[in-house]
Amino acid sequence: AVLIVLLLLRGKARRSTRALLEERLRFETLVSQLTAGLIHVPASSLDKALEHGLGQVVAFLGADRGALDEHGGGEPRARVSWASPGIEELPWIMDAGEFPWTTARLRSHDIVRFARTEELPAAAASDRVSYERVGTRSHVSLPLRAGGSMLGVLSLDSVRDERVWSDELVERLRLLSAAFASALERRRIEVSLAERLAFE
């Protein structure tokens with residue numbers, strides 16, 4: 001009887017490992033497709049492509065809403081957001097007045113994540129109030145960087161349920177943030193070049 005139980009547990013563990021590997025492969029395939037698709041999108045159509053890609057990722061990961069905030073000189077400049085039906089969109093995470101602790105962490109190139117607002121430190125009291133006011137139960141934010149400079153922030157929220165943002169999931173989001181950062185940097189270069197040509 002013990003041997004049968006052990007064999008059943010081993011079979012269950014194999015199925016669980018296989019499911020995790022299949023999910024990881026599906027996500028990496030999604031990121032590859034998004035990256036390839038963004039390379040050929042003209043600057044004028046990039047926001048729509050980013051919104052579509054963000055929606056796919058938020059839905060795949062089972063989050064309720066996501067945002068891609070672009071910054072110029074460290075200040076909010078443009079944003080793309082996506083939310084499930086009936087869910088209010090995320091606010092500007094790097095609005096220093098609303099989320100000072102989060103802003104400082106992101107500008108220091110740190111990741112912000114919590115499974116519940118109670119996990120936030122005392123120094124983040126203002127942030128906690130702001131997160132709770134907009135219905136955030138669990139949150140993760142990553143700075144978008146290209147060439148060392150910060151281009152913006154990628155954020156995901158859970159509103160309906162609390163969730164843990166595992167190290168593996170954060171690594172997946174790093175892959176995604178690199179793709180988004182490359183697209184934003186390319187647009188910045190294209191816009192700058194167009195402005196220079198128009199001036200000349």
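Since every read-out is calculated from the coordinates, none of them should be taken as a lab result. This one's a predicted model, so the numbers in the text were calculated from it and none came from an experiment. Don't worry about glycine lacking a Cβ; one is built from the backbone with ideal geometry, like all the others, and counts go over all protein chains shown.
Rounded to 0.05, the FRET efficiency of the A59 and L21 pair, given R0 = 22 Å and the Cβ-Cβ distance, is 0.60. Couplings 3J(HN,Hα) of the range 181-188, computed from phi: 4, 4, 5, 5, 5, 4, 5, 4 Hz, in residue order, whole Hz [Karplus 6.51 cos²θ - 1.76 cosθ + 1.60, θ = phi - 60°; x for Gly and Pro].
Computed from the C-beta positions of D161 and Q33 and an R0 of 35 Å, the FRET efficiency is 0.80 to the nearest 0.05. Over the range 72-191, what is the relative contact order in percent, taking alpha-carbon pairs closer than 8 angstrom and at least six residues apart? Computed value for the range 72-191: 22 percent relative contact order.
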